[in-house]
Structure formats: structure tokens, C-alpha cells
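Chemist: Starting off with a structure, shown below.
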């Protein structure tokens, strides 16, 4: 089970690596709002199809407002800001700034979810930050 989880994470990382490059290519042909809408709409269709194929039901009253709020944040607002940044700076610079997530995610997980943050996470984030400062 754990091996499958790591395989999925690695696959997600590889696909996420293609994301900024593909967006930058698409921005030559289409405006930012349309690109973000297309990404969000197609993602929703794919996720709904997978959900229905797995046998899950889709009742808005049962699901509640939290997934809707999450959809507003990501892929909604996050995608809009990310794709807009690609029109202003290079893919490399955009990804370097986004790579500061090893700091922001543990802090937000602690504040919002009350999760304990392991010292190894802070140590890894600190090493990453030193590497980021050195190469930027």
C-alpha cells in the first residue's frame, strides 16, 4: 500500500513538472481566464467520471460547503494566479517561487489542521531554502 502511495506521488510530481511548461505553451494561443476555465472544467469532468466509475454518489447536501470552498481556492484562485504569473515571468522563476511550499505547507497544516510538524520536515525545508538562496 505504501509503495503504491509513493508511486502515485512520483507520478504526480512528474505530471506537475509538465504543468508550467504546458501552460506556457498554451498561453501563446489562449488568454489566461479561458485557459484556467478550460483546465478547471476538464478536471471537473475527469474527476466526476472517475468518481462515478468508482461507485461514489454525488449529493451536494451531503457533501457540504467545504469542498466548494476548496474548489474556489484550488484550482480556482490558485490556478488563476499561477497561470497569470507565467505570463509575467519565465517558467523557471515561477517554479522556483512555488518551490517555497516546503515552508508554507507545514505552517498552514499546523495552523489549520493542528498537525504536528516533524523536525525532519523543518530540517529539509531549511536545507531546501539554503539551496534556493545559493542557486537563485
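Readers should treat all values here as calculations from the given coordinates under stated rules, not as data from a laboratory. Fair warning: this is a prediction, and the values are worked out from it, not measured in the lab. Please note: Cβ atoms are built from the backbone with ideal geometry, for glycine as well, and neighbour counts cover all protein chains shown.
Chemist: Take the chain, compute every pairwise Cα distance, and split them into 5 Å bins from 0; I just need the percent in each bin.
Modeler: All Cα pairs considered, the percentages come to 2, 8, 11, 16, 20, 18, 14, 8, 2, 1, 0.
Chemist: So between residue 70 and residue 105, what do we pick up on full extension, going 0.36 nm a residue minus the alpha carbon distance? Could the numbers behind the result be given before it?
Modeler: Details: separation 35, 0.36 × 35 = 12.60 nm, distance 1.52 nm.
Taking 0.36 nm per residue and subtracting the Cα distance, the gain is 11.1 nm.
Chemist: Remind me, relative contact order of the chain in percent, using alpha carbon pairs under 8 angstrom and six or more residues apart? Can you show the working numbers first?
Modeler: Working: 39 pairs, mean separation 37.6, N = 136.
Worked out over the chain, it gives 28 percent.
Chemist: Points 7 angstrom from Cα along the Cβ direction at residue 49 and residue 22: gap in nanometres?
Modeler: A separation of 1.3 nm, rounded to one decimal place.
Chemist: By average Cβ neighbour count within 10 Å, what is the ranking of 53-59, 6-12 from highest down?
Modeler: Numbers: 53-59: 8.0, 6-12: 9.9.
So the order, starting with the most tightly packed, is 6-12, 53-59.
Chemist: Using 0.36 nm per residue of separation minus the Cα-Cα distance, give me the extension gain between residue 131 and residue 5 in nm, one decimal.
Modeler: Working: separation 126, 0.36 × 126 = 45.36 nm, distance 2.72 nm.
So the chain would gain 42.6 nm between residue 131 and residue 5.
Chemist: Using a Förster radius of 25 Å, what is the FRET efficiency between residue 118 and residue 93 based on their Cβ-Cβ separation? Nearest 0.05, please.
Modeler: Working: r = 30 Å, r/R0 = 1.20.
Efficiency, from the Cβ-Cβ distance: 0.25.
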